[in-house]
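Q: Got a structure here, written out as structure tokens. Questions coming.
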Amino acid sequence: MSWGLLDWLGFGRTKISGRDGQNGRYWPNGDPRTGQATPKTVLGLATAWACVRLRSRVVGSLPVSVFEKTATAARRERQDHWLYTLLHDSPNADQSPFEWLSGQIGNIDLWGNGYSEKSVNSLGWTTSLTPLPSDTMRVWRKPDGSKAYTFNDRGKGETLPEDKVLHLRGLTLGGDVGLSAVQAGCRSLSGAISADRTATNIVRQGLQVAGFMETGQSKLSPEQRADLIDIFDAFTGSDAAGKIMPLEKDFKFAPLRMNPQEAQLLETRGFNIEEVCRWYDTPPILVGHAAQGQTMWGTGVEQVVIGWLTMGLNPLLVSIEQAMRKQLLPPAERTIIKAEFNREAMLATDSAARSQLYASLGQNGVMTRNEMRSKENLPPLPGGDVLTVQSNLVPLDMLGKVPPRKVQPAPGEPIEE
């Protein structure tokens, strides 16, 4: 099963609870009581688009590794494991790991859930993960308590059992599905959409809302009134800027003007940017909105990014890791095999922070030089597999008695005095 862009986004029903059956209501063009806040219309907001794009791209760009817990409680990477091939190399026949994972995060942000159909071989290994539409998905319980997933596949209803679906949830209150930020924030997001539409209309009308025409006559006939309306229609809007309107004798026009400052439109749109960012747990500075007195660069923004990665994205990564372990691995392997995001990849473009991290790890005997070179895609060097520590701090009674080592010995070689 392959999906295009509209299938990846999907526009349809969302639910607050995974156990509400058919009690939830869905309006294809938005809830008439609260506005037009649906996944389709919310993505029309530049801030919502930027938040969803940023979160999905950052998480999708993180490589996934598979580790095995050894008998000594240490960990070793298992690139030969089938789960590594599935998550790191090819989740399905049509998508790269980045495309599949970023699509799942986008569905979580818009519908609160990401679904993929699992193909399992005779050994119990998951061989592919094919995205399923979140907009038409309904999660329900069978009489025996097991879950089932019903969705619309190209106009035809289909139901899959629980063991055939990888279900990634967003924020959940204990139900079977995650909560949708679009549905939970319908009112505030609808307000942002209305403000955006108002700003567009004001600009289209040349910032001129309305006006009055004084004719000097006590009453106009219906024909005269229709003629005046036609005249004004030809001289309103931004395309008519700079034109001169001819008026009949004794005609006077009194315009009503409203500028963005008087309507507090600029302040409203600025507040809406921050409001949308709150729903998507994204600092406004990361989507190009700097608060008063704040710059787009500097150490302050760096700390904002670190805080976002720590408190914003890390809980989402942990949730996905645990869901993959529980839903993809057989019970016998869940205690020893773990899929884990490489969070260090977030620092890949920060050379200063990366070099400082390597220096600290190398000077304190945590990583060898060759392990660091491997992370930078550099070949190993002779003598680089030895752990080293700094020896500049020496007890006072040993001063002058501990000569510096000239050469770092290889494993098994005597220490040069």
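Quick note: the coordinates plus some simple rules give every number you see, no bench work behind them. Source: prediction; values computed, not measured. Cβ atoms come from the backbone with ideal geometry, glycine included; neighbour counts cover every protein chain shown.
Q: Please give the net charge around ILE320, taking every other residue with its beta carbon less than 14 angstrom from that of ILE320, where Lys and Arg add +1 and Asp and Glu add -1. Provide the component values of the computation, followed by the final result.
A: Details: positive: ARG55, ARG169, ARG325, LYS326, LYS338, ARG343; negative: ASP109, GLU321, GLU340.
Taking every other residue near ILE320 into account, the sum is +3.
Q: Okay, moving on. Using 20 Å as the Cα-Cα cut-off, could you pick out the over-long pairs in LYS40/LYS326; LYS69/LYS326; LYS40/LYS142; LYS118/LYS147; LYS118/LYS375; LYS69/LYS147? All intermediate terms of the calculation are to be shown ahead of the outcome.
A: Working: LYS40/LYS326 32 Å; LYS69/LYS326 16 Å; LYS40/LYS142 32 Å; LYS118/LYS147 15 Å; LYS118/LYS375 32 Å; LYS69/LYS147 31 Å.
Among LYS40/LYS326; LYS69/LYS326; LYS40/LYS142; LYS118/LYS147; LYS118/LYS375; LYS69/LYS147, the Cα-Cα distance tops 20 Å for LYS40/LYS326; LYS40/LYS142; LYS118/LYS375; LYS69/LYS147.
Q: Which order do the peptides 137-150, 105-118 take when ranked by the mean count of other beta-carbon atoms within 10 Å per residue, highest first? Mind dumping the intermediate values first?
A: Working: 137-150: 14.2, 105-118: 24.6.
Sorting 137-150, 105-118 by mean packing, highest first, produces 105-118, 137-150.
Q: Going highest first, how would you order 222-228, 339-345, 178-184 by mean Cβ packing within 10 Å?
A: Working: 222-228: 11.6, 339-345: 16.3, 178-184: 21.7.
The densest-packed peptide leads the list: 178-184, 339-345, 222-228.
Q: Next question. If you take the C-alpha gyration tensor of region 351-390, multiply each eigenvalue by 5 and take the square root, what semi-axes do you get, largest first, in whole Å?
A: Details: eigenvalues 46, 41, 6 Å².
Gyration-tensor ellipsoid for region 351-390: 15, 14, 6 Å.
Q: Now, a different point. Once R0 is set to 41 Å, what does the formula 1/(1 + (r/R0)^6) return for the Cβ-Cβ distance between LEU381 and ALA46, expressed as a FRET efficiency to the nearest 0.05?
A: Numbers: r = 49 Å, r/R0 = 1.19.
Between LEU381 and ALA46 the formula returns 0.25.
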